[in-house]
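Report on one structure; see the data block that follows.
The values are calculated or read from the model by the stated rules, or taken from the named source; none is laboratory data. Note that the structure is predicted; figures quoted are calculated from it, not measured. When we count neighbours, we look across all protein chains shown, and the Cβ atoms used for this are built from the backbone with ideal geometry, even at glycine.
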Amino acid sequence: MDEQGFQRFLKKSGKKGHVVEGLISRVRAFEAYLAGKRQIGVEAASEQDLQDYVKALTPREVKGQMRGLALYYRFVGNASLARLASDIREQEIAKTRKAFKLREFRGVSLEEVAKLEAVGIGTVEQMLVAGKTPRARQQLAEQTDISLQTILELVKLSDISRLGAVKSVRARLYYDAGLDTPDKFTQWEPEALRQMLVEFVERTGFDGIAPLPKELHNAITKARQLPEAVQY
């Protein structure tokens with residue numbers, strides 16, 4: 001494990017000392033597991049090793065451990081393990097996350113949402129599954145008699161909502177300001193993004209306020225870690 005390099009990587013991304021130490025300790029724990037099971041280091045681990053490790057953890061431990069490993073494998077350039085650790089973490093979070101209903105998004109048509117609910121699509125998780133591909137969205141539009149544009153809007157709002165605390169008002173602000181998919185956040189730095197959103201709110205009279213830089217930093221960081229959920 002390149003502990004010093006990882007430490008520099010984490011500090012450069014703005015993480016505080018106690019957070020850095022916590023993340024490093026999670027990689028150390030995986031390293032100890034691998035040494036005991038297979039006498040290898042973290043760089044030599046396979047996807048199967050990571051999946052086996054998850055089975056040895058309690059559900060409560062999985063989120064924290066996978067966060068540290070996702071960041072470490074991103075640091076060393078192992079995209080497949082970084083993505084797997086991130087996916088596992090996201091799945092564990094989804095188990096405890098309160099389902100967010102489509103009708104709770106600001107500015108959506110409740111009549112259109114009711115049509116989706118009638119076919120079993122009422123939450124953001126269900127919308128992301130049902131609208132994952134262009135073909136699936138087209139079929140859903142035909143099935144429900146909802147415009148493809150509306151289906152895509154609801155998919156994008158649902159996709160944006162994966163960025164941590166982003167829900168009703170925040171998702172609408174980001175969508176209306178042109179940040180309609182998570183990957184668009186990765187092109188910004190927090191201060192510049194806040195300035196853009198402040199100007200958007202002032203220019204359009206949007207009924208809400210721009211997030212503070214810390215919230216935007218978290219959203220941007222999350223966007224850079226999220227696995228792709230939708231094909232646009």
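Things to note:
- Qualifying residue in the stretch 85-105 (condition: over 30 Å from Q143 (Cβ atoms) and touching a Leu at 6+ places or on another chain (Cβ under 6 Å)): yes
- None of A79, A85 is outside the structural domain of L163 (by TED's automatic domain parsing), at pLDDT 90 or above and surrounded by fewer than 16 Cβ atoms within 10 Å (Cβ to Cβ) except A79.
- L57 meets all of the listed conditions (1) free of Cβ contacts under 8 Å to residues at least 12 places away in the same chain; (2) in a helix (DSSP H, G or I) but one, namely (2).
- When we screen P134, P211, P182 for residues that are surrounded by 13 or more Cβ atoms within 10 Å (Cβ to Cβ) and either of a type in the set (F, W, Y) or over 26 Å from I88 (Cα atoms) (or both), the only hit is P211.
- Single condition E199 does not satisfy, out of (1) in a loop (DSSP other than H, G, I, E, B); (2) within 30 Å of K12 (Cβ to Cβ): (1)
- For the stretch 1-45, a residue qualifies if it is farther than 26 Å from T186 by Cβ, in contact with a helix residue (DSSP H, G or I) (Cβ under 8 Å, 6 or more places away or on another chain) and not in a helix (DSSP H, G or I), and the qualifying residues are M1, I40, G41, A45.
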